[in-house]
1. Taking N as the number of residues in the stretch 163-246, what value does Rg over Cα atoms divided by 2.2 N^0.38 Å take?
2. Between Ala102 and Ser151, take the C-beta separation as r, use R0 = 30 Å, and let me know the FRET efficiency to the nearest 0.05.
3. ³J(HN,Hα) across the stretch 77-83 via Karplus (A = 6.51, B = -1.76, C = 1.60, θ = phi - 60°), whole Hz, x for Gly/Pro?
4. Relative to the longest principal axis of the C-alpha atoms of the chain, give the angle of the C-alpha long axis of helix 229-243, reported between 0 and 90° and rounded to the nearest 10°.
5. To the nearest 10 square angstrom, how much accessible area does Arg4 have with a 1.4 angstrom probe?
6. Quick one: grab the alpha carbon gyration tensor of the stretch 1-113, order the square roots of its eigenvalues as a ≥ b ≥ c, and give me rounded if a/c is under 1.5, else prolate or oblate depending on whether a/b is larger than b/c.
7. In whole Hz, with x marking every Gly and Pro, tabulate ³J(HN,Hα) for the stretch 150-167 from phi via Karplus 6.51 cos²θ - 1.76 cosθ + 1.60, θ = phi - 60°.
8. Tell me, what is the FRET efficiency for Ser88 and Arg188 to the nearest 0.05, using R0 = 35 angstrom and their Cβ-Cβ distance as r?
Amino acid sequence: MLERLTDAHCHLSGGSPDSLPPPGVEACAACACFAGEWGDLDGISRASVKKVYGIHPDAGISALDDVGFAEEQIFSALLPELDRRLASADAVGEIGLDARIAGRVPLEMQKRVFAAQLEMARARGLPAVIHCVGGWGAMCEILRGFFSAGSGAGFLIHAASCSAEVAASLEKLGAYFSFGVRELSSRRGAECAARVGADRIMMETDGGCSAASLENAAASLAAVRSASAAEIADAAFENFRSFYSK
Ligand SMILES: [Zn+2]
């Protein structure tokens, strides 16, 4: 069994926040990215659980919603409420762009909501946890406006499965990357995981935090990086600590 396991990105997934981190896991970052979930994180105050609040690009908008009205609600009510919560947060996330849902939530609107949250993160000196599906060109352009190597509190590309080329240019902006078993079983995710620096990698479950899932991710990372699973877990532990350092 591996020591020093960390989960860079998990969700409460119906479980109790009191049970985090589970046995065998040293620390985790629990993400509440829909307004209805924010209250679930409020009561947590343990150094082993990092609190990540944000508005996901999906934003809970259905195909039947008036998107103009929804955006107005986000800017007038949800973002101010999020900003209050950030006073006790360790990071903003998961936030970003998702090309799969552009028919329901227009990409231009996603960009505005994303940029507003990056601005809030910068104002509070918090790192950002990034979700990106498709739209990597737009993502890189927005991130370049907020980050340069070594500046600010940094950002983490969660469920990283961008091309090795995109990963290299994000790394120049100071990116961290986290991988779960799902990404590592895809060709692109495995290539990305093989390419990024050892001082940039983390592991994640993107669901209910569990030692078993993190051990599987460490084993897959070890295979693509020609390292041992223990070396991967150690590197991820150090990177977790420096990223979630607030
Ligand atoms: Zn997630």
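1. Numbers: Rg = 11.9 Å, N = 84, 2.2 N^0.38 = 11.8 Å.
Relative to the 2.2 N^0.38 Å estimate, the stretch 163-246 comes out at 1.00.
2. 0.50
3. 10, 6, 5, x, 5, 4, 4
4. 40
5. Surface accessible to solvent at Arg4 totals approximately 80 Å².
6. Note, shape of the stretch 1-113 comes out prolate.
7. Values, residue by residue: x, 9, x, 8, x, 8, 10, 8, 8, 6, 5, 8, 7, 5, 4, 5, 4, 4 Hz.
8. 0.45
The values are calculated or read from the model by the stated rules, or taken from the named source; none is laboratory data. Source: prediction; values computed, not measured. So basically every Cβ, Gly included, is an ideal-geometry build from the backbone, and we count neighbours across all protein chains shown. For the accessible areas, the whole protein counts, side chains as well, though only heavy atoms, and no ligand, DNA or RNA atoms are used. Shrake-Rupley method; radii C 1.70, N 1.55, O 1.52, S 1.80 Å.
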